Amino acid sequence: MAQLANKYGTFSDDGTEYIITDPNTPMPWVNVIANELYGMVLSQAGSGYSWREHAGLNRITRWDQDLIRDEWGKYVYLRDADSGEYWSPTWQPCGDQVERYRVRHGMGYSVFEARRGDITSELTCFVPLNEACEVWLLRVQNQGSQDKHLQVFTYLEWLLGAAPDWHREFHRTFIDTHYDSEHGALLAGKVLWELPVASKAHWNRDWPYTAFHSASRMPNGYDGDKRDFLGRHGSPRRPQAVIEGKSSNHAGRWGDAIASLRIDLTLAAGETQELAFTLGAGSSQAEALALAARYRDLPTAHQALTEVRHYWAGITAALKVDSPDSALDLMANGWLQYQAISARIKGRTAYYQTGGAYGFRDQLQDSLLWLLLGQPEKTLDQIRLHAAHQYQDGVVLHWWHPLADTGLRSEYSDDLLWLPFVLVQYLHETNDTTCLDEVVRFYDTGEATLREHCMRSFEMALTRRSERGLPYILKGDWNDGLNAVGADGRGESVWMAHFLRHVLCLWADLPSTDASTAERFRREADALREAANTHAWDGDWYWRASTDAGELVGSQQSPEGKIFLNAQTWAILAETANGERAARALASARKHLYQEYGPLLLAPAYTMPDPTIGYLSRYAPGIRENGGVYVHAACWAVLAERKQNGVEAAYDVWWRFCPIARSGIDPDAYSAEPYVMPGNVSGPLAPVPGQAGWTWYTGSGQWFLRVLVEGVLGIQARQAGLHISPELPAAWDHLRVQRQFRGATYDITFRRDTTISAPRVSMDGAAVSTETLPIAAAGTTVTVEVLVPSVSPRRA
């Protein structure tokens with residue numbers, strides 16, 4: 001993978017790790033490690049935070065979102081007891097004193113390697129698969145010829161509740177710490193939890209967990225108070241306890257709660273010793289102590305790490321891509337799956353967006369990832385969960401908090417339609433129509449089948465239309481930042497017209513949809529197409545929206561924000577546009593929006609806030625939704641290009657914002673991690689065009705993988721079977737994809753054949769006359785060969 005290296009790091013030879021050799025990356029390059037119960041985020045500097053179930057409401061450790069300094073975290077110190085010298089095996093808080101430093105971010109773990117003098121260290125951090133804790137495995141080796149007397153200190157600050165605890169002097173008075181000498185564990189609890197649920201009295205609820213920090217050896221000392229460990233005017237870089245080499249052995253309820261354990265080691269020349277530290281939160285003190293006891297055993301800790309590695313190896317084995325593009329293969333064969341599952345489905349947090357709630361449209365779309373991995377039942381679980389957060393009238397929660405199960409009733413026009421959209425994708429993947437009759441509760445009262453949940457989404461969406469027949473945008477549609485356009489209920493959304501039409505057509509085409517509903521939905525879809533083409537065509541593209549006052553957004557007459565990407569791409573995806581208009585709309589997007597680093601969401605950017613638009617216009621010009629590349633929307637451009645212009649155009653757009661490609665050109669300008677998708681890339685009016693931000697963001701990883709498989713590789717699930725498009729990018733002579741579909745493995749090979757003039761497809765040696773493959777028996781593997789002419793056919 002040397003050809004994919006940049007000045008800060010490279011991928012491992014097998015692609016399963018990203019190895020950072022220079023910790024001074026332009027921004028934090030992090031790893032999000034989570035199971036369904038517990039998680040942590042770690043940067044290349046060793047900083048970050050931990051949580052149980054909800055990163056915002058149930059944060060375990062304190063952390064400050066300062067991505068420049070990146071100096072808050074859970075740290076380990078090594079001290080030479082003879083010389084008094086000390087350092088950290090991670091770059092923060094004092095790892096700049098080491099002579100060699102390397103970080104390996106893997107799927108489900110991170111490893112920090114360092115050397116100072118004769119002492120080498122390896123710190124491996126991971127979260128076991130099914131437990132509410134994290135484990136730090138520390139290996140220390142003495143490579144010198146003399147014995148070494150070392151002291152190992154740990155340090156973290158307890159938060160135990162809603163983050164950030166900005167009023168620390170208030171919150172610290174509710175935290176109680178004590179040391180359990182029998183188990184060698186520091187325990188912490190809190191008698192206040194700001195959970196947003198209805199209660200008779202404010203701030204009158206216990207935090208119902210017990211946090212713990214323990215080690216595989218009985219500690220030689222401990223600290224539970226920040227003042228004791230850091231000292232007055234001390235800092236994590238110069239902590240008093242480490243400088244002096246002693247612990248206060250003090251805990252209680254009256255200080256500023258931290259956890260620090262000290263273990264004294266004697267390392268003979270050439271000797272290696274290993275410690276395991278555990279941090280977590282049990283649902284009771286007994287559970288906390290049981291977890292602490294379990295991971296005192298080093299073989300148990302190593303077995304847990306092995307299970308994590310095996311889990312992610314199994315996940316990533318479900319979809320395999322072998323192409324002439326090594327960067328594409330790396331993204332497709334693990335890193336996009338890992339981002340979507342660990343950070344968006346399980347963790348729902350990272351360094352830029354540190355939430356923890358479920359977004360109705362967010363995790364539904366993220367769950368589409370499971371369909372590509374042969375685990376559609378997990379997508380159905382997500383569908384059930386979101387259906388249970390719909391009101392009887394069809395409106396849904398825009399977001400909600402797990403633990404509290406409270407949220408915001410949506411005033412966004414599109415949220416409710418993602419339920420039928422995702423359910424249709426599930427049906428295409430599985431043909432499991434029995435799910436439509438499953439009964440799921442409503443959020444307010446009552447219950448109904450999943451089919452009825454979806455119908456109520458449609459019915460509500462269809463009532464929200466203007467006299468011109470265009471959907472109202474309300475407080476926003478997919479683009480939350482257009483939150484003032486229709487705040488009074490009169491503004492219209494052209495993108496919503498495309499999207500509603502698309503989902504209506506998908507539902508009407510399902511064999512399980514009754515004839516009268518299918519006919520009605522097609523009529524409504526035709527009416528939306530007519531309304532959009534009659535009122536929203538602006539000469540060369542579709543305008544984006546109209547305000548409550550009737551002003552157009554995304555029009556040639558707009559002073560800024562003249563053209564929006566989604567209004568053009570979805571006109572193609574929903575087939576709102578006819579052949580000529582489809583070509584002109586996408587050509588306009590290419591002319592005005594496409595940059596070398598991806599398609600902008602809109603152009604030109606707003607240079608002054610526009611109160612009739614919303615907070616989108618208040619971002620700095622070129623940043624995020626205001627004239628930057630918004631990756632979620634850019635992915636849909638790949639699908640539109642494939643539908644309109646073929647594989648070459650789709651691959652071109654996909655490659656423009658591939659993080660490995662962009663970071664390889666200039667990692668300082670790109671700034672973000674090369675191994676995951678950002679949420680956005682700065683546009684031409686930003687100080688650094690092409691600079692990525694908000695990595696590990698919702699929708700981006702899942703959609704980038706999905707549009708790769710469907711839009712570039714041309715493999716798409718349909719209810720009748722797996723559909724393939726027999727085309728290859730011009731520079732490719734081969735492609736192999738292994739994809740799960742309905743319990744079978746399809747091993748699909750594309751290759752050029754100079755002797756043919758039209759594509760040929762065969763499955764297990766038998767010719768296939770259509771581009772939809774026969775459905776193979778579950779548990780079998782079938783071999784598909786696709787012969788492609790030297791020049792791929794262009795679509796009309």
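Per-structure values
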| item | result |
| --- | --- |
| Looking only at segment 745-796, and only at residues there that are charged (D, E, K, R) and out of contact with any Leu (no Cβ under 6 Å at 6 or more places or on another chain), the one that is surrounded by the fewest Cβ atoms within 10 Å (Cβ to Cβ) | ARG794 |
| Selection within segment 709-739 - within 27 Å of LEU506 (Cβ to Cβ) and either hydroxyl-bearing (Ser, Thr, Tyr) or assigned to a loop (DSSP other than H, G, I, E, B) (or both) | LEU713, GLY714, GLN719, ALA720, SER725, PRO726, GLU727 |
| Given (1) touching an Asp or Glu at 6+ places or on another chain (Cβ under 9 Å); (2) part of a helix (DSSP H, G or I); (3) acidic (Asp, Glu), number of the condition ASP610 does not satisfy | (2) |
| Test: residue in segment 342-352 that is open to solvent by 10 Å² or more (accessible area, probe 1.4 Å), farther than 29 Å from VAL737 by Cα and assigned to a helix (DSSP H, G or I) | no |
| Top-ranked residue in segment 99-108 [being open to solvent by 10 Å² or more (accessible area, probe 1.4 Å) and not acidic (Asp, Glu); ranked as farthest from GLN273 (Cα to Cα)] | MET107 |
| Test: GLN285 is open to solvent by less than 10 Å² (accessible area, probe 1.4 Å) and not small (Gly, Ala, Ser) | no |
| Subset of segment 674-695 [over 13 Å from the mean Cα position of the chain (by Cα) and either over 13 Å from ARG624 (Cβ atoms) or in a loop (DSSP other than H, G, I, E, B) (or both)] | PRO674, SER682, GLY683, PRO684, LEU685, ALA686, PRO687, VAL688, PRO689, GLY690, GLN691 |
| Candidate set from segment 674-703 (those that are of a type in the set (A, V, I, L, M) and free of Cβ contacts under 8 Å to residues at least 40 places away in the same chain); member that is surrounded by the fewest Cβ atoms within 10 Å (Cβ to Cβ) | VAL688 |
| Unique match (being open to solvent by 40 Å² or more (accessible area, probe 1.4 Å) and not in a loop (DSSP other than H, G, I, E, B)) among ASP96, ASP82, ASP64, ASP22 | ASP96 |
| THR278 being closer than 26 Å to LEU230 by Cα, out of contact with any Leu (no Cβ under 7 Å at 6 or more places or on another chain), in a strand (DSSP E or B) and modelled with pLDDT of 95 or more | no |
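For (1) farther than 21 Å from THR406 by Cβ; (2) in contact with a Pro (Cβ under 6 Å, 6 or more places away or on another chain); (3) among the charged types (D, E, K, R); (4) open to solvent by 30 Å² or more (accessible area, probe 1.4 Å), each residue gets a yes or a no:
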| site | (1), (2), (3), (4) |
| --- | --- |
| THR434 | yes, no, no, yes |
| VAL439 | yes, no, no, yes |
| TYR443 | no, no, no, yes |
| MET455 | yes, no, no, yes |
| PHE458 | yes, no, no, no |
| LEU462 | yes, no, no, no |
| GLU467 | yes, no, yes, yes |
| LEU474 | yes, no, no, yes |
| LEU482 | yes, no, no, no |
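Conditions (1) β-branched (Val, Ile, Thr); (2) touching a residue at least 24 places away in the same chain (Cβ under 8 Å); (3) in a loop (DSSP other than H, G, I, E, B); (4) open to solvent by less than 60 Å² (accessible area, probe 1.4 Å), marked per residue:
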site: LEU159; (1), (2), (3), (4): no, yes, no, yes
site: GLU169; (1), (2), (3), (4): no, no, no, no
site: ASP176; (1), (2), (3), (4): no, yes, no, no
site: GLU182; (1), (2), (3), (4): no, no, yes, no
site: LEU186; (1), (2), (3), (4): no, yes, no, yes
site: GLY189; (1), (2), (3), (4): no, yes, no, yes
site: LEU195; (1), (2), (3), (4): no, yes, yes, yes
site: PRO208; (1), (2), (3), (4): no, yes, yes, no
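The values are calculated or read from the model by the stated rules, or taken from the named source; none is laboratory data. All values derive from a computational prediction rather than experimental measurement. For neighbour counting, all protein chains shown are included, and Cβ atoms are generated from backbone atoms with ideal geometry for every residue, glycine included. When the accessible area is computed, the model is the full protein with side chains, heavy atoms only, and any ligands, DNA or RNA have been set aside. Shrake-Rupley method; radii C 1.70, N 1.55, O 1.52, S 1.80 Å.
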